[in-house]
Amino acid sequence: MHLTGLLRLLRDHPTFQHQLEHLQNTDLAVNVIRSARPFVLAALTETWDGPILYLTARVKRTYDITGQLPVWLGDAAHITRFAEPAAKFYEWALWGESAIRHRLETLTALMPANDQVTQWPVVVTSARAVMQRTLPVNQFRRRSSMLKIGDRYVLDKLLADWIAIGYEATPIVIEPGSFSRRGGVIDIYPVAAEQPVRIEFFDDEIDSL
């Protein structure tokens, strides 16, 4: 169920327009009752020219907000959750694959390729998550790449670059962070993607994705 039609009622309300004008011109703080915050945030998302960060005190609240926003904004909205470490008592590592993927998805959304923004994201996160340091901007940009049909690559160098940033060559691609090659066909599971991608080369040119 979507409630996107109700956002127009709030956006057209004089009080909302007044508060929006102040937000755009000053650092004014706006007090909104907790139960209404997802509704107000959704209306603000449709009028604000830039990314929006929703910061919560508790981790559980980030899951609640992430689940509520699609009801107001629809499935096309760009909502990301900047995750926190979720260590279990029997694990040595603090970071699970899901947390890493969500954080990289957020960084990708905030720094689109070639600075071409088609839709600003709404980032939902917790105080615990933002207290954990992440990649420097210049390192993230340097290690990121956008593959497009028609681009030309030296395959051995491309695969070596993937290995250098932590990808693993495997016979079959099952998990994020892995790739496999069979001649001019490469399967790769990007760390920040929900599904793997098959890249077919014609000589040194990408023929299909």
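For the stretch 175-209, residues that are part of a strand (DSSP E or B) and among the small types (Gly, Ala, Ser) total 3. On the given criteria, is Ser178 within 22 Å of Ser98 (Cβ to Cβ), hydroxyl-bearing (Ser, Thr, Tyr) and free of Cβ contacts under 8 Å to residues at least 12 places away in the same chain? For Ser178, the condition - within 22 Å of Ser98 (Cβ to Cβ), hydroxyl-bearing (Ser, Thr, Tyr) and free of Cβ contacts under 8 Å to residues at least 12 places away in the same chain - is met. For the stretch 41-68, a residue qualifies if it is under 18 Å from the mean Cα position of the chain (by Cα), among the aliphatic types (A, V, I, L, M) and open to solvent by 60 Å² or more (accessible area, probe 1.4 Å), and the qualifying residues are Leu53, Leu55.
Taking each residue of the stretch 130-149 that is closer than 29 Å to Val59 by Cβ and touching a residue at least 24 places away in the same chain (Cβ under 8 Å) and looking for partners that are surrounded by 11 or more Cβ atoms within 10 Å (Cβ to Cβ) and of a type in the set (D, E, K, R) with beta-carbon atoms closer than 9 Å, six or more apart or interchain, yields Val130/Glu84; Gln132/Glu84; Gln132/Arg103; Thr134/Arg103; Leu135/Arg103; Leu135/Arg143. Number of residues in the stretch 181-209 that are open to solvent by 90 Å² or more (accessible area, probe 1.4 Å) and free of Cβ contacts under 8 Å to residues at least 40 places away in the same chain equals 7. Taking the conditions exactly as written (touching a residue at least 24 places away in the same chain (Cβ under 8 Å) and either open to solvent by less than 50 Å² (accessible area, probe 1.4 Å) or in contact with an Asp or Glu (Cβ under 6 Å, 6 or more places away or on another chain) (or both)), does Arg11 satisfy them or not? It is false that Arg11 is touching a residue at least 24 places away in the same chain (Cβ under 8 Å) and either open to solvent by less than 50 Å² (accessible area, probe 1.4 Å) or in contact with an Asp or Glu (Cβ under 6 Å, 6 or more places away or on another chain) (or both).
The values are calculated or read from the model by the stated rules, or taken from the named source; none is laboratory data. It should be emphasised that the depicted structure is a prediction, and the values quoted were computed from it without experimental measurement. Virtual Cβ from ideal backbone geometry, glycine too; neighbours counted across all protein chains shown. Please note that ligands, DNA and RNA were not included when accessible areas were found on the heavy atoms of the full protein model with its side chains. Shrake-Rupley method; radii C 1.70, N 1.55, O 1.52, S 1.80 Å.
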